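The values are calculated or read from the model by the stated rules, or taken from the named source; none is laboratory data. Everything quoted here is computed from the prediction, not taken from an experiment. Ideal geometry is used to build each Cβ from the backbone, glycine not excepted, and the neighbour counts take in all protein chains shown. In case anyone asks, the SASA skips ligands and DNA or RNA and just uses the protein heavy atoms, side chains included. Shrake-Rupley method; radii C 1.70, N 1.55, O 1.52, S 1.80 Å.
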Amino acid sequence: MIDAVNMYSEELNATARYSTLSDYTAHVRSIPASAGKTITKDFFPYADNRMSYWTGYFTSRPNLKSKSRTAHSLLRAADSLHSLARARYSMDTANYFDELFGLRAVESVIQHHDGTTGTHREIVGDDYNIRIDKGLEVGGQLVADMLSTFVTNMEGGDTFFADNERMQSELAAGRSVYLVLQNPLGWTRKTVASIPLGDQFSVSVKVAATGADADAALIIETDFSGSTLYLRDTFPGLGYVTYLITPAKALAHGDRLVPIAETMLRVESIANEYVQLVFNDDTLMLESITLLSNNTPVNIKQEFLKYTSYTSGQTSGAYILRPKGDAVVLGDGSVGSFQILNNSIVTEVRQEIVPGVVSQVIRIYHGLDELEGSAVEIIPMIGPLSPDNEIITRFTTSIDNGDVFYTDDNGLEMQRRVNLPEGRPDDADRGVVIGGNYYPAVSRALIRDESADGFTVAVASQSTHGAASLFEGTLELMLHRRCSRDDARGMSEPLDDTSVYTGYFKLLVSENSKAARLHVRHSNALNFPIGAVYGLDTTPILNPTLSPIKADLPENVHIVSFSPRNTYSDQVVLRLLNPFETGADSELSQPVSVTLQDILSDPWALGTVQQHTLTLLNAVGPASPPGTDVVVTLRPIDLVTYIVDLSA
């Protein structure tokens, strides 16, 4: 086509050529600033008529959105372990690389514009779920195989696995099981990991490296239908720690049993070292959070509400959010069932809002630093929904935010959003106004008082949701949707999502000066949680811990990629990011420098280092030969890419 156009360029008064992004940016830079037009308005929300804001897909099919993030986290862990193992043991890992590619391909397919958006037909969704479930299974076993390589020094065979139910079966049979907890992030993290144990109510947990009792506690379901192990420890960046779990029937004399959580009587509040949560006497819902560092209470009333979908004319559907009007509180706004479980590691509140449809777990953890311990974990369980119900949780606070709130639309920078209480000039009705005030929260949303000594209320999430601040001091998140009508945007069927969705959120309350540190850290923690694999008790444990990072990286240096470049070389793709944007934090929104050769501990070493463009298509500058220190300086939101030769 290009040749045909150019052959008749005089007649057509046109020429054609293949253009690149570089051509575009070069042309833009050539235009005098005075001749250009700067647009500062928000790109969101998109609408194609006066009744149709495309804001429903921010939440549609939340389970697939969540699985996509889980796959990405698993891929991160597998990539880094694969790269380290191939260099350390000179392994032929072609099969592992192929399996990694398979998981990467599955994750990529779901990024289709009708995939993770939830705007696909149900039969297509079934195929997506089959593919990603298989990918998660294969990826989990790949991580187990890589960890087996390290833990057993390549002598473990096929004794490691990722299947939690198989681990529970081993314990039920009276056999001990090794537990390996791996940190996929480059930062050292002191945090709490949770492991379902099934019907094991009496176990011992020891640190494999020392034989000492692990810092662990159990929560047992009140109907004895299962138990969960909570384990508090410090996990090295990209590394792991190994434990031995022994069931009661296999305990030796004198072994210490993991303590069991106590069920508390109805109380008005719970607290750890950093925050106190107060619940309303009548509704038993969250009412306020006090920051114990300065004894400052912040009013935060949580509610669950529902929008009723518009079902005639332009309906609410997979793409379009158009409720009939304002949201109404579910039930009478109170909790039907309220229970508190408490031990030395975690305090857990269980609330049932609508029996069989909406419930919630709230957790705070003990014995962590302020950055980790001041977060409030919220796990809502929503569904199955009745048709034409769109469920939100809303936090009503004492924050004076006016009509301004913030969400991240790319996982990095926080975008300023403006709520328009009266909508836009052509908005047809109140439901359209509501739909037009929703924005995508990829990993977090927040409101804040802009005063110098003001506060921020932020919510970090494990997957994408629609978010809004329809009234001053409020922040709401759309959790789950089911619509009985097709919204006529190409799917040709309604969003008939009957699944049960379990969300994972962190509620973060802080002074403005500390807010960025909190929501950056916890959005990463939610998206890249501590992973678990298991080993048979016959496994030789030769390397019970691994710390591949020489020293903690600065808090504003994040390892985004540490992945094998291909099947036939020891080259690794290393990407580093400064996740703090300009002005977000007085200390961390600054340029930061790191020497690449100082990142990894012995026995790993970097050889030739070559900077590349983000997509690896082009090299940037000359390569640095082995033995040359490469110092990288990252400004706020800088992302750099290198291909490095890795040896051990």
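Just a few scattered comments:
- Qualifying residues in the range 197-220 (those that are within 16 Å of Arg232 (Cβ to Cβ) and without any contact (Cβ under 8 Å) to a residue 12 or more places away in the chain) - the one least open to solvent (accessible area, probe 1.4 Å): Ala212
- Leu321 being over 25 Å from Leu518 (Cβ atoms), in contact with a Phe, Trp or Tyr (Cβ under 8 Å, 6 or more places away or on another chain), open to solvent by less than 10 Å² (accessible area, probe 1.4 Å) and not small (Gly, Ala, Ser): yes
- Only a single item in (1) touching a residue at least 40 places away in the same chain (Cβ under 8 Å); (2) farther than 30 Å from Tyr406 by Cβ is not met by Leu634, and it is number (2).
- Of everything in the range 153-175 that is crowded, with 19+ Cβ neighbours inside 10 Å and within 22 Å of Ser80 (Cβ to Cβ), the residue that is farthest from the chain's Cα centre (by Cα) is Gly156.
- Restricting the search to strands (runs of 3 or more DSSP E) fully inside the range 558-648 and requiring at least 1 residues that are within 27 Å of Leu518 (Cβ to Cβ) and open to solvent by less than 10 Å² (accessible area, probe 1.4 Å) gives 558-564, 571-577, 631-634.
- Taken together, Glu450, Glu476 contain a single residue that is open to solvent by 20 Å² or more (accessible area, probe 1.4 Å) and not hydrophobic (A, V, I, L, M, F, W, C), which is Glu450.
- Top-ranked residue in the range 490-516 [being of a type outside the set (Gly, Ala, Ser) and at pLDDT below 95; ranked as farthest from Glu372 (Cα to Cα)]: Met491
- Any chance Ile382 is more than 22 Å from Ser293 (Cβ to Cβ) and surrounded by 18 or more Cβ atoms within 10 Å (Cβ to Cβ): yes
- Enumeration of residues in the range 136-150 that are surrounded by 23 or more Cβ atoms within 10 Å (Cβ to Cβ) and touching a Lys or Arg at 6+ places or on another chain (Cβ under 9 Å): Thr149, Phe150
- Condition check for Leu341: crowded, with 18+ Cβ neighbours inside 10 Å and over 30 Å from Tyr53 (Cβ atoms): yes
- Failed item, numbered, when Ile391 is tested on (1) over 30 Å from Asp233 (Cβ atoms); (2) in a strand (DSSP E or B); (3) open to solvent by 10 Å² or more (accessible area, probe 1.4 Å): (3)
- Residue match in the range 619-631 (condition: in contact with a Lys or Arg (Cβ under 9 Å, 6 or more places away or on another chain), touching a residue at least 24 places away in the same chain (Cβ under 8 Å) and under 26 Å from Leu412 (Cα atoms)): no
- Test result for Ser513, over 24 Å from Ala77 (Cβ atoms), out of contact with any strand residue (DSSP E or B) (no Cβ under 8 Å at 6 or more places or on another chain) and part of a loop (DSSP other than H, G, I, E, B): no
- From Gln360, Gln415, residue being crowded, with 16+ Cβ neighbours inside 10 Å and either closer than 26 Å to Leu291 by Cα or without any contact (Cβ under 8 Å) to a residue 24 or more places away in the chain (or both): Gln360
- Qualifying residue in the range 421-438 (condition: buried (at least 18 other Cβ atoms within 10 Å of the Cβ), in a strand (DSSP E or B) and either of a type in the set (Gly, Ala, Ser) or in contact (Cβ under 8 Å) with a residue 60 or more places away in the chain (or both)): no
- Of all residues in the range 1-47 being of a type in the set (Phe, Trp, Tyr) and at pLDDT 85 or above, the one that is least open to solvent (accessible area, probe 1.4 Å): Phe44
- Residues that are assigned to a helix (DSSP H, G or I) and surrounded by fewer than 24 Cβ atoms within 10 Å (Cβ to Cβ), drawn from the range 48-64: Asn63, Leu64
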